[in-house]
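What follows is calculated from the coordinates using simple rules that are stated; it is not laboratory data. Remember, it's a predicted structure, so these values are computed and weren't measured experimentally. For neighbour counting, all protein chains shown are included, and Cβ atoms are generated from backbone atoms with ideal geometry for every residue, glycine included.
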Amino acid sequence: EAPVDPFRDEILKKQAELKEHYETFPDIDAVKNHREMRLREILCHILNKLLGNQDETCLFFDSANAINLHDASGNLAEIGSDDKPFVLKLKSSQGLGSDKSKKTDNDDLKLVQTLKTFIERNNYHPIIEDIRDRLAKVHGVDKNAIVIKNLFTGTFNIVYTVKNLVTIVVRKLQKISQNLKAQFDQFVSAKIHPLLYRPSFDISYFDERGNKTFGTVSETHQVGPPGRPKPYSTPVGWPRYGLKVLHRYKNDAWLHPFVDAGNWYRAFHGTERAQNVDFGDSKAFSDQNVACVDALANIFQNGFRTARNAAYGPGVYCSPNPCWLGSSPYVGAVEIETKQGKKKFKCMFQLAVNPDGLKCATEDIWVVPKPQDIRPYGILIQEA
């Protein structure tokens, strides 16, 4: 009878922690555009397609969640570091190092522990070198640029980085995936650190308490301070994804509870015409083509800037009329491929406006002279 490894349970626990973390990374081939996708996935594609016509995928990451997982396992890189790995998933270790024999789960567990020891000691091992050789061919880099960071079971998984790797142009990822399939007979899938994608959007910005799908019949509510409320017309048919804004300011009365005497007026804003110049010296933008997408995250993080073209005077422009704004050029329709064919979607901000900081230019156009008097609290999306 084989001896029982007293450390086996601890090893398996650590392997499970690693697996749980890296399974949250997006698959290179896994993002599907289909009608039944969740709201978050639709929003992701829409934000991405605002970039232009490139077949790229915008992916969400959750900085708060990643940090929690790091703290729990003690083995994971901080999400903000330069160490942003790929995760290669193989059916087993069969074929690595020219060993063609079939492998059991126990074989792979033992090999993982052995290879981890060699990696920690920075010692030579033929299987590690074989993996690095293959990955170098996949990425078209020198072998010395491939760094094996970790391995874990639950199939056979290899966590690795590529030195001096700049943010990946997403349309090249398909080629990387194809190359991995060619190099590894036991290939199952490949994952990538979300921050290697451009663009990315931190889902820790979102708060499910603000999620809502508005019905097909418009509702009108009176919102604002006693004696001078303004009508708030709900955006018919638009799903809303709530932003994390509660407890962000001195108090929550500007937004919550709804129809509280301290509520600010409700309005809407499109970012279709955003440009780099709108954000001064912000380092958030590196490409004019992505300014309209980066505007969403930048506005939420740093606030609005006044309009470049100020026909009704300086300030931030918005509209209390979701029907008017939704059909205007300020909210552009973007096209994505779905299993049912091409579909178009639109997105815009839902906002709160300080009653003491508002100028009503027209029935459909409001001007807010001071950016601090306007706060986004949700992103709306709708099929065009």
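Counted by Cβ distance under 13 Å from SER98, the other residues give a net charge of -3, where Lys and Arg count +1 and Asp and Glu count -1. Amide H contacts under 5 Å for LEU255: TRP264, restricted to partners 5 or more places along the chain or on a different chain, H placed in the peptide plane at 1.01 Å from N. Once Rg and the Kirkwood radius are both taken over the C-alpha atoms of the range 84-138, their ratio Rg/Rh works out to 0.95.
Amide H to amide H, with H built 1.01 Å from N, ALA307 comes under 5 Å of GLY315, VAL316, TYR317, counting only residues 5 or more places away or on other chains. When the C-alpha to C-alpha distance is required to be over 32 Å, the pairs from LYS250/LYS359; LYS13/LYS175; LYS13/LYS250 that qualify are LYS13/LYS175; LYS13/LYS250.
Other residues lying with their Cβ under 14 Å from the Cβ of VAL368 contribute a combined charge of +4, Lys and Arg counting +1, Asp and Glu -1. Applying 1/(1 + (r/R0)^6) with r as the Cβ-Cβ distance of ASN144 and THR117 and R0 = 25 angstrom yields a FRET efficiency of 0.70. Here LYS344 is the anchor, and the lysines within straight C-alpha reach of less than 21 Å, apart from those fewer than 8 places off in the same chain, are LYS32, LYS49, LYS212. Between the amide H of ASN211 and those of GLY242, distances stay under 5 Å, these residues lying 5 or more places away or on another chain, with hydrogens modeled in the peptide plane. Placing dummy labels 7 Å off each Cα toward the beta-carbon, the span from ALA253 to LEU12 is 5.8 nm. Across the range 205-220, rounded Karplus estimates of 3J(HN,Hα) from the backbone phi angles (6.51 cos²θ - 1.76 cosθ + 1.60, θ = phi - 60°) give 5, 9, 9, 5, 5, x, 6, 6, 10, 6, x, 8, 10, 5, 10, 10 Hz, Gly and Pro being marked x.
Packing-based ranking of 354-365, 97-108 yields 354-365, 97-108, ordered from highest to lowest mean Cβ neighbour count within 10 Å.
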